[in-house]
Amino acid sequence: MLPELYRIHLSSQLSQAQLLTLEILVWLLQVHKDVRIERLAAHFPLPVKYESRRRHIQRLLILRAMSVTLIWLPLIESLIKLKFKPGTRLYLALDRTQWKNNNLFVLAIIFSKRAIPIYWQFLEKKGGSNLAQQQALIRPLLRFLKNYEIVLIGDREFHSVELAKWLKSKKLLFVLRQKKDTYLQLKGQPYQRLDSLEIVPGVKRYLTGLKVRKVKGFGQGAIAIYWKRKYRGRIEDEPWYLLTNLPNLSEAVKAYKKRVGIEAMFKDCKSGGYNEGRLKSFCR
């Protein structure tokens with residue numbers, strides 16, 4: 001049932017009985033599209049009482065070997081090596097979604113107009129992530145992605161210039177959408193807000209030699225400005241203001257357009273996929 005690549009890795013981490021339980025769970029997930037342990041236990045084909053089946057599933061899920069670090073990261077590393085040659089540019093999207101009572105923070109690789117989650121955390125609060133949490137999500141991936149050129153993409157929640165500085169220090173490329181009230185300073189000019197620039201639909205600009213933000217500024221990137229005449233049949237309310245260290249507007253816009261892949265992933269999981277009522281217990 002599981003792809004051979006998965007079986008090879010999982011067999012080194014799990015016993016045969018544990019691997020069989022996992023395969024049955026994957027099958028049940030595909031059939032019933034529900035991650036609730038109670039629902040899975042009700043259909044689990046083990047000739048014991050319901051409560052014993054439920055505990056059987058729980059014991060598997062709390063195994064140390066089932067952690068993201070030991071199970072998923074080696075798998076995603078193998079998949080990336082299989083699909084991408086060393087030196088290839090990889091696009092990673094950083095995003096967060098409120099999934100019922102779960103505040104899910106995800107880093108995903110964009111592949112064929114979809115995103116595949118690489119690493120994730122549940123934030124123990126409502127609202128956005130801070131710099132320390134962003135670094136904690138990205139840092140574990142730097143080792144096994146060191147042979148690739150990484151472009152990290154973030155929407156307006158990740159407009160922090162501190163994040164941009166840190167990414168640059170790690171030799172990562174980035175495209176971080178900025179809020180329209182962000183201040184920038186062009187060389188030899190006073191500070192001004194991004195939305196004070198004369199931009200209309202159809203206009204594209206690539207501004208260099210500038211400093212972004214009055215406080216804790218960042219002066220080693222560029223602002224790519226892009227306002228498409230129509231997007232999905234309508235004109236967007238405002239242009240994209242993209243803080244980037246990519247060398248030109250075309251590359252910056254191309255990269256940011258790929259971010260839609262993670263939105264498609266969230267939609268697949270929420271409205272098109274599994275019942276998320278017990279998401280956190282299943283995606284520790």
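Readers should treat all values here as calculations from the given coordinates under stated rules, not as data from a laboratory. Small disclaimer: the values here were computed from a predicted structure and weren't measured. Virtual Cβ from ideal backbone geometry, glycine too; neighbours counted across all protein chains shown.
Applying 1/(1 + (r/R0)^6) with R0 = 51 Å to the Cβ-Cβ distance of residue 30 and residue 220 gives a FRET efficiency near 0.60. Subtracting the Cα-Cα distance of residue 88 and residue 7 from their residue separation scaled by 0.36 nm leaves 26.5 nm. In a DSSP loop and with at most 11 other Cβ atoms within 10 Å, the GluC sites (Glu not before Pro) in the stretch 114-157 are 124.
For the stretch 1-87, which trypsin sites (Lys or Arg not before Pro) are both in a DSSP coil and crowded by at most 12 other Cβ atoms within 10 Å?
Values: sites: 7, 33, 36, 39, 49, 53, 54, 55, 59, 64, 81, 83; in loops: 33, 36, 49.
Taking the stretch 1-87 and a limit of 12 other Cβ atoms within 10 Å, the loop trypsin sites (Lys or Arg not before Pro) found are 33, 49.
Computed over every Cα-Cα pair of the chain and binned at 10 Å starting from 0, the pair-distance distribution P(r) comes out as 6, 24, 30, 21, 11, 6, 1, 0 percent. Remark on residue 228: its backbone amide H falls under 5 Å from those of 202, 240, a criterion applied only to residues 5 or more positions apart or on other chains, H modelled at 1.01 Å from N.
Charges on Cβ only, +1 for Lys and Arg, -1 for Asp and Glu, centred on the Cα centroid of the stretch 181-228; of 186, 200, 218, which one is farthest towards the dipole's positive end? Going by the charge dipole, the pick is 218. Length available on full extension from residue 180 to residue 130: 0.36 nm per residue minus the Cα-Cα distance, which gives 16.0 nm.
Treat every Asp and Glu Cβ in the stretch 4-66 as -1 and every Lys and Arg Cβ as +1, leave all other atoms uncharged, and give the resulting dipole magnitude about the Cα centre to the nearest 20 debye.
With Lys and Arg at +1 and Asp and Glu at -1, about 240 debye.
The distance from the alpha carbon centre of the stretch 62-123 to that of the stretch 191-245 is 29 Å, rounded to a whole number. Dipole magnitude for the chain: computed about the Cα centre from +1 point charges on Lys and Arg Cβ and -1 point charges on Asp and Glu Cβ, it is near 340 debye.
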